[in-house]
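The values are calculated or read from the model by the stated rules, or taken from the named source; none is laboratory data. Model, not experiment: these values are computed from the prediction. Counting neighbours? That spans all protein chains shown, and the Cβs are built from the backbone with ideal geometry, glycine included.
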Amino acid sequence: MFTKKNVSLATAALASLVVCGTAVAAQGDSVLTVDATLTSACAVSAGATISFGSFSTLAAADQTADSGSTFTVACSTDMVPTIFVTGTRTIINGANSLPFNLSLTSGAAADDLPATLALATALTVVQDGTEQVVPLYARLAKANFGALPAGAYANDSAVTVSVLY
(Lines give C-alpha, C1' and ligand atoms only; values in the text may rest on other atoms or scores of the structure.)
Protein backbone atom coordinates (compact mmCIF):
# COMPACT_ATOMS: atom_id res chain seq x y z
CA MET A 1 0.00 0.00 0.00
CA PHE A 2 1.30 3.41 -0.94
CA THR A 3 1.43 6.11 1.60
CA LYS A 4 1.57 9.75 0.85
CA LYS A 5 5.28 9.78 1.67
CA ASN A 6 6.05 6.90 -0.85
CA VAL A 7 4.06 8.56 -3.63
CA SER A 8 5.86 11.84 -3.06
CA LEU A 9 9.30 10.18 -3.35
CA ALA A 10 8.29 8.38 -6.56
CA THR A 11 6.94 11.59 -8.03
CA ALA A 12 10.12 13.48 -7.12
CA ALA A 13 12.31 10.80 -8.77
CA LEU A 14 10.23 10.88 -11.95
CA ALA A 15 10.29 14.66 -12.03
CA SER A 16 14.09 14.72 -11.70
CA LEU A 17 14.46 12.41 -14.74
CA VAL A 18 12.19 14.59 -16.80
CA VAL A 19 13.97 17.79 -15.78
CA CYS A 20 17.56 16.47 -15.93
CA GLY A 21 17.27 14.01 -18.78
CA THR A 22 19.51 10.93 -19.00
CA ALA A 23 23.22 11.22 -18.41
CA VAL A 24 25.32 10.84 -21.60
CA ALA A 25 29.11 10.70 -21.84
CA ALA A 26 30.70 13.11 -24.29
CA GLN A 27 31.65 11.44 -27.58
CA GLY A 28 33.04 12.33 -30.96
CA ASP A 29 33.98 10.41 -34.05
CA SER A 30 37.49 10.21 -35.47
CA VAL A 31 39.09 8.13 -38.23
CA LEU A 32 42.08 5.98 -37.31
CA THR A 33 44.24 5.14 -40.32
CA VAL A 34 46.48 2.06 -40.14
CA ASP A 35 48.84 1.17 -42.98
CA ALA A 36 51.88 -0.93 -43.84
CA THR A 37 53.94 -1.52 -46.96
CA LEU A 38 55.23 -5.02 -47.57
CA THR A 39 58.10 -5.48 -49.99
CA SER A 40 58.95 -8.69 -51.78
CA ALA A 41 62.29 -10.27 -51.02
CA CYS A 42 64.44 -13.38 -51.03
CA ALA A 43 67.14 -14.23 -48.53
CA VAL A 44 69.92 -16.72 -49.24
CA SER A 45 72.25 -18.35 -46.72
CA ALA A 46 75.95 -18.40 -47.45
CA GLY A 47 78.73 -20.91 -47.03
CA ALA A 48 77.99 -23.97 -49.17
CA THR A 49 80.91 -26.43 -49.23
CA ILE A 50 81.27 -29.60 -51.27
CA SER A 51 83.69 -32.31 -50.17
CA PHE A 52 84.47 -35.48 -52.08
CA GLY A 53 86.50 -36.82 -49.18
CA SER A 54 89.46 -39.16 -49.78
CA PHE A 55 89.49 -41.85 -52.46
CA SER A 56 92.06 -43.76 -54.49
CA THR A 57 93.10 -42.72 -57.98
CA LEU A 58 92.42 -46.40 -58.74
CA ALA A 59 88.74 -46.04 -57.78
CA ALA A 60 86.64 -47.94 -60.30
CA ALA A 61 83.85 -45.39 -60.63
CA ASP A 62 83.01 -41.70 -60.72
CA GLN A 63 83.08 -40.03 -57.31
CA THR A 64 79.97 -38.18 -56.22
CA ALA A 65 79.27 -35.81 -53.39
CA ASP A 66 75.63 -36.82 -53.07
CA SER A 67 75.43 -35.78 -49.47
CA GLY A 68 75.88 -32.54 -51.29
CA SER A 69 76.12 -29.19 -49.76
CA THR A 70 73.10 -27.14 -48.96
CA PHE A 71 72.10 -23.56 -48.72
CA THR A 72 68.74 -22.10 -47.84
CA VAL A 73 66.47 -19.75 -49.70
CA ALA A 74 63.49 -17.92 -48.22
CA CYS A 75 61.33 -15.98 -50.68
CA SER A 76 58.13 -13.98 -50.58
CA THR A 77 55.09 -15.54 -52.23
CA ASP A 78 55.40 -13.49 -55.41
CA MET A 79 59.13 -14.08 -55.95
CA VAL A 80 60.52 -16.73 -58.31
CA PRO A 81 64.19 -17.33 -57.46
CA THR A 82 66.62 -18.45 -60.14
CA ILE A 83 70.10 -19.90 -59.82
CA PHE A 84 73.35 -19.93 -61.75
CA VAL A 85 76.90 -20.72 -60.66
CA THR A 86 79.87 -18.64 -61.71
CA GLY A 87 83.52 -19.48 -61.25
CA THR A 88 85.60 -22.43 -62.28
CA ARG A 89 84.31 -25.95 -61.87
CA THR A 90 87.77 -27.33 -61.40
CA ILE A 91 89.74 -28.28 -58.31
CA ILE A 92 93.52 -28.07 -58.57
CA ASN A 93 96.73 -29.46 -57.13
CA GLY A 94 99.71 -27.51 -58.47
CA ALA A 95 99.55 -27.71 -62.25
CA ASN A 96 97.04 -30.58 -62.16
CA SER A 97 93.37 -29.82 -62.48
CA LEU A 98 90.29 -31.94 -61.98
CA PRO A 99 86.95 -30.77 -63.43
CA PHE A 100 83.69 -31.54 -61.65
CA ASN A 101 79.98 -31.40 -62.43
CA LEU A 102 77.57 -29.30 -60.40
CA SER A 103 73.89 -30.09 -60.29
CA LEU A 104 70.67 -29.73 -58.34
CA THR A 105 70.05 -33.43 -59.11
CA SER A 106 71.41 -36.25 -56.98
CA GLY A 107 74.29 -38.01 -58.73
CA ALA A 108 75.26 -34.91 -60.73
CA ALA A 109 75.51 -37.03 -63.88
CA ALA A 110 75.27 -33.83 -65.91
CA ASP A 111 76.92 -30.49 -65.30
CA ASP A 112 73.50 -28.86 -65.51
CA LEU A 113 73.77 -25.81 -63.28
CA PRO A 114 73.90 -22.80 -65.64
CA ALA A 115 77.07 -20.71 -65.55
CA THR A 116 75.53 -17.39 -66.60
CA LEU A 117 72.61 -15.19 -65.68
CA ALA A 118 71.23 -15.48 -69.19
CA LEU A 119 70.84 -19.24 -68.69
CA ALA A 120 69.72 -19.13 -65.04
CA THR A 121 67.21 -21.79 -64.05
CA ALA A 122 64.24 -21.39 -61.73
CA LEU A 123 64.58 -22.95 -58.29
CA THR A 124 61.73 -25.20 -57.31
CA VAL A 125 61.10 -24.07 -53.74
CA VAL A 126 58.01 -23.17 -51.75
CA GLN A 127 57.68 -19.41 -51.75
CA ASP A 128 56.04 -18.71 -48.41
CA GLY A 129 58.79 -16.83 -46.60
CA THR A 130 60.14 -19.89 -44.78
CA GLU A 131 63.67 -21.19 -45.31
CA GLN A 132 63.81 -23.90 -47.96
CA VAL A 133 66.84 -26.18 -48.21
CA VAL A 134 68.46 -26.36 -51.65
CA PRO A 135 70.99 -29.19 -52.06
CA LEU A 136 73.94 -28.97 -54.45
CA TYR A 137 75.50 -32.15 -55.82
CA ALA A 138 78.85 -32.72 -57.49
CA ARG A 139 80.60 -35.47 -59.46
CA LEU A 140 84.21 -36.19 -60.42
CA ALA A 141 84.44 -38.37 -63.53
CA LYS A 142 86.74 -41.42 -63.26
CA ALA A 143 88.15 -40.56 -66.67
CA ASN A 144 89.38 -37.26 -65.26
CA PHE A 145 91.19 -38.45 -62.10
CA GLY A 146 92.58 -41.90 -62.92
CA ALA A 147 95.87 -40.58 -64.34
CA LEU A 148 96.37 -37.69 -61.90
CA PRO A 149 98.94 -37.76 -59.11
CA ALA A 150 97.71 -38.28 -55.55
CA GLY A 151 97.37 -35.20 -53.36
CA ALA A 152 94.91 -32.67 -52.07
CA TYR A 153 92.88 -30.92 -54.75
CA ALA A 154 90.93 -27.79 -53.94
CA ASN A 155 89.25 -24.87 -55.63
CA ASP A 156 91.22 -21.70 -55.01
CA SER A 157 88.55 -19.49 -56.53
CA ALA A 158 85.13 -19.33 -54.98
CA VAL A 159 82.19 -20.82 -56.77
CA THR A 160 79.42 -18.28 -56.31
CA VAL A 161 75.84 -19.39 -56.07
CA SER A 162 73.56 -16.50 -56.90
CA VAL A 163 69.84 -16.42 -56.45
CA LEU A 164 68.20 -13.68 -58.45
CA TYR A 165 64.66 -12.48 -58.01
Q) Got at least one residue in the stretch 152-164 being at pLDDT 85 or above and under 20 Å from Gly107 (Cβ atoms)? A) no
Q | So Ser45, is it surrounded by fewer than 16 Cβ atoms within 10 Å (Cβ to Cβ) and either at pLDDT below 90 or of a type in the set (Asp, Glu) (or both) | A | yes
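Quick one: count up the residues across the stretch 26-42 that are assigned to a loop (DSSP other than H, G, I, E, B) and surrounded by 10 or more Cβ atoms within 10 Å (Cβ to Cβ). Don't jump to the end; show me each part of the working.
Filtering the stretch 26-42 for residues assigned to a loop (DSSP other than H, G, I, E, B) gives 26-41.
From the residues that got through so far, the ones that are surrounded by 10 or more Cβ atoms within 10 Å (Cβ to Cβ) too are 40-41.
Total satisfying the criteria: 2.
Conditions (1) modelled with pLDDT under 90; (2) part of a loop (DSSP other than H, G, I, E, B); (3) surrounded by 13 or more Cβ atoms within 10 Å (Cβ to Cβ), marked per residue:
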{"residue": "Leu58", "(1), (2), (3)": "no, yes, no"}
{"residue": "Phe71", "(1), (2), (3)": "yes, no, yes"}
{"residue": "Ala74", "(1), (2), (3)": "no, no, yes"}
{"residue": "Phe84", "(1), (2), (3)": "yes, no, yes"}
{"residue": "Ile91", "(1), (2), (3)": "no, no, yes"}
{"residue": "Ser97", "(1), (2), (3)": "no, no, yes"}
{"residue": "Ala109", "(1), (2), (3)": "yes, yes, yes"}
{"residue": "Val125", "(1), (2), (3)": "yes, yes, yes"}
Q | Residue satisfying condition, being closer than 23 Å to Ala152 by Cα and under 26 Å from the mean Cα position of the chain (by Cα), within set Thr130, Thr124, Thr88 | A | Thr88
